[in-house]
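Laboratory data are not the source of any read-out in this text; all were calculated from the coordinates shown. None of the values given here were measured: they were computed from a predicted structure. We place every Cβ from the backbone using ideal geometry, glycine too, and count neighbours over all the protein chains shown.
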Amino acid sequence: MGKSKKGEEVDAKCSIEDDVPLTTTLLNLRNKKKKEKEITPTIDADLLEDINKEVSETEEEEESELSKQRKALQEQQKMVQALQEKLLQQEKQLDLIEQKKKGGEGQKNSSKDPEK
């Protein structure tokens, strides 16, 4: 009798027959893995060519779509820039109008003061 890691007494008798199913199972698994490794996928040359054509066509379509989107974005950026410039011009005109109004009010007020 031997002792286990926990200190319990264990019957150390072991027969070869107990190991046979385990060994057989391990050998079967090993052989199965070898067979799986030996299997190599094969693709028909025409099928591979068709797949490659589809991929290249898809890539071309995506690139074309991206190009269109880039052009549209550039146009939108130009429009935004033009609108910003127009807004700045309108703000300047508004400032000039406000300054003229203040200047006109100042003259009216100054002309009223001498009368008083």
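Would you work out which of Gln74, Gln90, Leu47 lies farthest towards the positive end of the dipole of segment 39-90? Charges go on Cβ: Lys and Arg +1, Asp and Glu -1. Sorting the options by dipole projection puts first Gln90. For Glu98 and Leu66, a Förster radius of 35 Å and the Cβ-Cβ distance give a FRET efficiency of 0.15, rounded to the nearest 0.05.
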